[in-house]
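The values are calculated or read from the model by the stated rules, or taken from the named source; none is laboratory data. Keep in mind the model is a prediction, meaning the values are calculated, not measured. So basically every Cβ, Gly included, is an ideal-geometry build from the backbone, and we count neighbours across all protein chains shown.
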Amino acid sequence: MNDSRIRGAEIVIKSLVAENARYIFGYPGGAIMPVYDALYDYMDHIQHILTRHEQGAIHAAQGYARVSGQVGVCMATSGPGATNLITGIADALIDSTPLVCITGQVASHLLGTDAFQETDVVGISMPGTKWNIQVRKVEDIAPAIAKGFHIARSGRPGPVLIDITKDAQTALGEFNYVPCLNIRSYRPYPKLEDSIIVQAANLINQAKKPYVLFGQGVILGKAEKALQEFLDKSGIPAACTLLGTGALSEDHPNYVGKLGMHGNYGPNILTNQCDVLIAVGMRFDDRVTGDVKRYAKQAKVIHLELDPAEINKNVKCEVAVLGDCRISLEKLTEKVEKRSHPEWIKAFRELEAEEKRVVVGNDLSPTKVGLTMGEVIRHINEFKSDDAILVTDVGQHQMVAWRYFEYKTTRTQVTSGGLGTMGFALPAALGAQLHDFNRQVICVVGDGGIQMTIQELGTIMQTQAPVKVVLLNNNFLGMVRQWQQLFFDKRYSFTELDNPDFIKIAEAYNFKVQKVDIRGDLRQAVAEMFVHEGPYFLEVVVEKEDNVFPMIASGSSVEEVRLS
Amino acid sequence: MNKRYTISVFTENFIGILSRITLIFTRRGINIDGFTASESREEGIYRITIVVHTTEEQIIQLSKQIEKIIDVIKAFYYLDDEMVFQEIALYKIPIDNIDSGLEKVIRQHNARIISAEKDFVVIEMTGHKEETQELLEVLKDFNVLEFVRSGRVAVAKPMETIDKYL
């Protein structure tokens, strides 16, 4: 009789295939080698992307997950391989990105003996994961992966880590994959109460100056259409958070701009003038609220949120609409009156005009000699398609690109929001591009951040993912320098960089390259970048000491947003 | 205003659950005054009782964060008057110090001697912290060699049971 049992390592791969995982972003090593050996026979079923560092692997998985809406999968060996995933895990938790991370672990008889490349990755990753587990028996592998996928993608998504000992990978077991659909201690979707919808609708219908703030929850809950229909009927102006950007087209008549420290002037100021604040799938991050003691105190807050722990965490609400925001918005749309708020929206437009006059004009069409980050984005807008994806790193370029990139559709914004992880952009752009080679993926990155994961140029080279890398080089850690200028008396402590020749580096990785340092060459260079079919590296040397405005200084109120 | 709260957590028996729960307190710099874990009435479901001093606002957030842990079924929080609770304390006294005064103290405090060895006796008392603490103060005259107090065990006064959350 034939033995139908297979090795645990093969069960890992077959389980991933059963979950329809398209890519594994990973890096091999001792304790995960049996899985890599099994993978050798499954290359037709699942693609493995060999990054150049495990941090690159997990950020690529994040980029893929954010654009595709699917669970990103990454894999690493024990010890340093596993610890290199931690930054990405923390990033995915705070930005609610669904990930399944699989790590190899030393054989179970060696656990706790300080064996070669042993680290307590379950312990280390505990505060960063939505759930994690160590698997020491072959029969537990498939159930753990099934549970992991269910937890990662359901409710408020997040990262999951599954640590598998080497002996479990090599032992023989039956493969019988049963998807996990229910865990009795886990309620990912709280039940929406109709009476709450009535309360919320009554507040909205009585409001004179209602105001919608939307976040990534709209995207994660696939509630983009529901949001648009709610706004169409209610006539309420709406502003987005960093991660909510793109959930509503910026062409929508009710769209008034962006929130937060470097968001738009009107949306910040008028937060403290609205009478009913409707927060949809957002968590009142401190970068959005500024000084929370002086945030929207005059307003009654309605919070549409899936995660009960977010209710009243930062901002107290009058009505908590717990549940999937797509359903909540649809039900609210039925109950709200058809209205328009022309005077109230005009207040936003007036402040927008003020911001344009003082800030935007100089950013996008500067008259000074040095190039601005804003004008680079202006030219990108000129040539990009409506569904182009913008991936950014962290810092000044991130805020400028976010402010000026024209977002038309959902899932076009990929950035490290909550954690602010420098080095995120390059690998995340690769992951985003792998979702669809036919979409434009533009990776806007600074000279500081790119050097944190610059090795992933190699992965882009190997996959030939046609990522357009736009390096905005000011030879400074610009955002820190800006703070040093404004709040630390221009004491530029360790923020100026002696940089390598980035063009030579990119050329070494076989990128088509171009460097621009005068305005006259910029438009043509951007145009050429978009025409090129493969990976492209455009370096733009920008003004060394430009600042990003508007700005809400740390500890200030939203109404104290500065234009200069 | 800080008050004494008791959190009752019902969990699956999952490795690491205690760490996950205590991390929630560690991250916020909240000291845990008492911690006990045991199986509950339902087979396979564990009950963890945690005592903390904190504000009502904070205890609500803590409970929600605990409930967010995948393997936690439910977390309830109570003030002292919403629970019936008990702690146990053990006192080790050298045998040479025993006289008729000790017998009186034991009687007055409803304590008892649970073990008498060649060199020492062990006194046990159950009660609220204030009561076991009071006995400790009195016994200091007899030279307490060792003292230990358990975390709180508590049942809630509200007639809600965990069944409805399963």
Item to complete: Report yes if some residue within segment B:58-68 is more than 17 Å from A:TYR186 (Cβ to Cβ), within 13 Å of another protein chain (Cβ to nearest Cβ), free of Cβ contacts under 8 Å to residues at least 24 places away in the same chain and out of contact with any Gly (no Cβ under 8 Å at 6 or more places or on another chain); otherwise report no.
Response: yes
Fill in: Sole exception among (1) of a type in the set (A, V, I, L, M, F, W, C); (2) in contact (Cβ under 8 Å) with a residue 40 or more places away in the chain; (3) within 30 Å of A:ASN132 (Cβ to Cβ) for B:PHE85, by number
(3)
Worksheet item: Within segment A:127-142, can you find the residues that are among the small types (Gly, Ala, Ser) and either surrounded by fewer than 17 Cβ atoms within 10 Å (Cβ to Cβ) or within 13 Å of chain B (Cβ to nearest Cβ) (or both)?
Response: A:GLY128
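Tell me the residue from A:ILE162, A:ILE124, A:ILE145 that is within 12 Å of another protein chain (Cβ to nearest Cβ), closer than 26 Å to A:PRO28 by Cβ and not in a loop (DSSP other than H, G, I, E, B), please. Before you say what the answer is, go through the steps one by one.
Working: A:ILE162 fails: within 12 Å of another protein chain (Cβ to nearest Cβ); A:ILE145 fails: within 12 Å of another protein chain (Cβ to nearest Cβ).
None of the other options fit; the residue is A:ILE124.
Can you give me the number of residues within segment A:229-241 that are on the phi < 0 side of the Ramachandran plot and either at pLDDT below 95 or assigned to a loop (DSSP other than H, G, I, E, B) (or both)?
Our first condition is that a residue be on the phi < 0 side of the Ramachandran plot; within segment A:229-241, this holds for A:229-234, A:236-241.
Narrowing the set further to residues that are either at pLDDT below 95 or assigned to a loop (DSSP other than H, G, I, E, B) (or both) leaves A:236-237, A:241.
Count: 3.
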Discussion item. Go through segment B:49-85 and report how many residues are in a strand (DSSP E or B) and either buried (at least 17 other Cβ atoms within 10 Å of the Cβ) or not β-branched (Val, Ile, Thr) (or both).
Written reply: 16
Fill in: Meets criteria (more than 14 Å from chain B (Cβ to nearest Cβ), part of a strand (DSSP E or B) and of a type outside the set (S, T, N, Q)) for A:ALA226
no
Fill in: Top-ranked residue in segment B:13-25 [being over 19 Å from the mean Cα position of the chain (by Cα) and modelled with pLDDT under 95; ranked as farthest from the other protein chains (Cβ to nearest Cβ)]
B:ASN13
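Please work out if A:ASP291 is within 23 Å of A:PHE549 (Cα to Cα) and surrounded by fewer than 20 Cβ atoms within 10 Å (Cβ to Cβ). Don't jump to the end; show me each part of the working.
Values: within 23 Å of A:PHE549 (Cα to Cα): yes; surrounded by fewer than 20 Cβ atoms within 10 Å (Cβ to Cβ): yes.
In short, yes.
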Response to the item:
Taking segment A:168-194 and keeping residues charged (D, E, K, R), touching a residue at least 60 places away in the same chain (Cβ under 8 Å) and within 14 Å of chain B (Cβ to nearest Cβ) leaves A:LYS191
Worksheet item: Which one is farthest from the chain's Cα centre (by Cα) among residues in segment B:29-48 that are assigned to a loop (DSSP other than H, G, I, E, B) and more than 12 Å from chain A (Cβ to nearest Cβ)?
Response: B:GLU43
Worksheet, complete the sentence: Those helices (runs of 4 or more DSSP H) completely within segment A:298-386 that have 3 or more residues that are under 20 Å from A:VAL288 (Cα atoms) are A:342-355
Response to the item:
Here, helices (runs of 4 or more DSSP H) confined to segment A:445-564 with at least 2 residues that are touching a Leu at 6+ places or on another chain (Cβ under 9 Å) are A:457-463, A:502-508, A:519-531
Practice prompt. Of all residues in segment A:148-207, count the ones that are assigned by TED's automatic domain parsing to the domain that holds A:PRO34, among the basic types (Lys, Arg) and either out of contact with any strand residue (DSSP E or B) (no Cβ under 9 Å at 6 or more places or on another chain) or under 20 Å from A:SER68 (Cβ atoms) (or both).
Written response: 2
